[in-house]
Amino acid sequence: MLRQLYEGARNYQALWSNADEFHQACEYFYVHIGAAEKDHKEESLQAVRRCVRDGGSLARITRGYDRHLDLVAAFWQGLHEAARPLM
């Protein structure tokens, strides 16, 4: 998701008069795409391995993951609705 956001942000790079300032504004993306997201992925996989003991545990993890996806979708929908009057 972050990589796609960064790719979208690049579409607006021309709005910065100084390329260095654009890249400074993108530091969040660089840090997370470069290292933090990889760490988060590994931490998530380790947590699932620890928690999966039986089908019931896997079912709880699946429900939690689905709920997480619902929250992410609601965030983007809310952002879209908030930005719509500005378009």
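Quick rundown of the values:
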{"quantity": "Debye, to nearest 20: dipole size of the chain, +1 on Lys, Arg Cβ, -1 on Asp, Glu Cβ", "calculated": "480 debye"}
{"quantity": "ASN18-ARG63 pseudo-label distance in nm [points 7 Å out on the Cα-to-Cβ vector]", "calculated": "5.3 nm"}
{"quantity": "Total formal charge among the other residues, if their Cβ is under 15 angstrom from that of PHE22, Lys/Arg +1 and Asp/Glu -1", "calculated": "-3"}
{"quantity": "The chain shape via C-alpha gyration tensor axes, a/c threshold 1.5", "calculated": "oblate"}
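Values in this text are rule-based calculations from the coordinates and carry no lab data. Source: prediction; values computed, not measured. Glycine gets a Cβ as well: all are built from the backbone with ideal geometry, and neighbour counts include every protein chain shown.
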